[in-house]
Structures are given as structure tokens and as C-alpha cells.
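Written out below as C-alpha cells is the structure these notes cover.
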């Protein structure tokens, strides 16, 4: 746990700084992350070229969404900070509430450690985080943002379960050994990938400056 916290304490601020300052730092992050994710997905989908093709598209879609959302002329920075805070709140809430409350397993065959109480805790924390970020930036209505934040927590957990299923299929504990205490890059950003894809698609379809209007 100490190693995990230390890694998060180093990498989290660096990512936030890249998001805050934008070009060229966020582009550099994307350029570094893309081949690593491709490599790790290739390892997890070895022996199945169809799954490998889909995994590559999934990873690249997240990278494209990351850059497209950040480089929006209106609220690009705020949108990505909001996404990151929601994902981090989901992970923290799911971990602490799940450990404290326990209860029924969410997907025992895929990820035995996850519980329904953890999911609910993650949704609650993400809802509060989403509303807080919206208030801090003076964006949108608090209640709709809380609801959206809870929904993104579910998306993030589905992304986590997707990667867990791929690891179970491949017979490995982690997607790689890149990050001390966390494993591979996918182990750290599995939920973020799913949320980026969903928010990017939603904004593309809905238009405007969603989720703020």
C-alpha cells in the first residue's frame, strides 16, 4: 500500500500538470501512453487476433478522446480535470467503502475483490466529487453533475472489470510492471480509458460543451 500511495503521489500531480498546461505536455503524455497500452493489450489478448484488434481500437479511442477533449477551445481543461477527479474518487470510494462494508461480490469470477457496496461507495464519492468540481469551476447545476458523476463511476468500474477479465483470460495478475505497486499502465488507467471513450462519444453525439451544458 505504501508503494502504491507513493506512485500515485508522484504520477497524479504530473498528470494533472500536463492536463492543466495542455500543449505540448498532454500530447507528450498521450504519445508515451499509447504504445505502452498497445503493448500491454497485445500481451493480454495474445492468441486472439480479433480481441487484439478491438483492444487496440479501444486504447487508441481513449487517447484520441483525451487529446480532443483537452484541446477543445471551451472548457477543455475543466472537462479533463473533472474526469480525473471523478475516476480517482470512484477508486477511493470503492476501496474504502468496499473494505468497510464488504458484502456480496460484484463479479466474483472476474474480480473477486470487488463488491456491490464498493460500487455504491464509488458512485457516491464520484457524485460528490463531480458536484464539487462543478461548483469550484462555476459550471453547470450541482444535481445533474452529481448524477453524471455517479454514472461515470459505473462506467469506470466496467472498464476495470473489462481489463480484469482480460488478465484472467491471459492468466496474469497485472498487465505489466511499469508502475511500482500498481503493475502496468492499464492497471492504473483501466477505468479512465472507459470514461474517456464514453465522454468523448457523448460529446461528439450531443455536441456543445457537454457535460457542462
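No lab work stands behind these numbers, since they all come straight from the coordinates. Please read these numbers as outputs of a predicted model, since none were measured by experiment. Quick reminder, even Gly has a Cβ in these numbers, built from the backbone with ideal geometry, and neighbours come from all protein chains shown.
Over the residues of the chain, the helix contribution to mean residue ellipticity at 222 nm works out to -26500 deg cm²/dmol, using -39500 (n - 2.57) for each DSSP H run of at least 4.
Full-extension gain between residue 50 and residue 147, please, as 0.36 nm times their residue separation minus the C-alpha to C-alpha distance. Show your work: numbers first, answer last.
Values: separation 97, 0.36 × 97 = 34.92 nm, distance 3.53 nm.
Computed gain between residue 50 and residue 147 is 31.4 nm.
Spin-label model, residue 72/residue 204: points 7 Å from Cα along the beta carbon direction are separated by 1.4 nm. Sorting 71, 182 by the number of Cβ atoms found within 10 Å of their own Cβ, with the fewest placed first, yields 71, 182.
The reciprocal of the average 1/r between distinct C-alpha atoms defines the Kirkwood hydrodynamic radius, which for segment 30-106 equals 15.0 Å. Binning the alpha carbon pair distances of segment 127-213 at 5 angstrom intervals from zero yields the distribution 3, 14, 18, 20, 16, 11, 10, 7, 2, 0, expressed in whole percent.
Calculation over all alpha carbon pairs of the chain in 5 angstrom steps from 0 returns a P(r) of 1, 7, 14, 19, 21, 18, 12, 6, 1, 0 percent.
Distance from the Cα centroid of segment 89-155 to that of segment 18-64 is 25 Å (rounded to whole angstrom).
Using the per-residue mean of other Cβ atoms lying within 10 Å as a proxy for protection, in what order, highest first, do the peptides 195-204, 93-102 fall?
Numbers: 195-204: 19.0, 93-102: 17.2.
Going by the mean number of other Cβ atoms within 10 Å, highest first, we get 195-204, 93-102.
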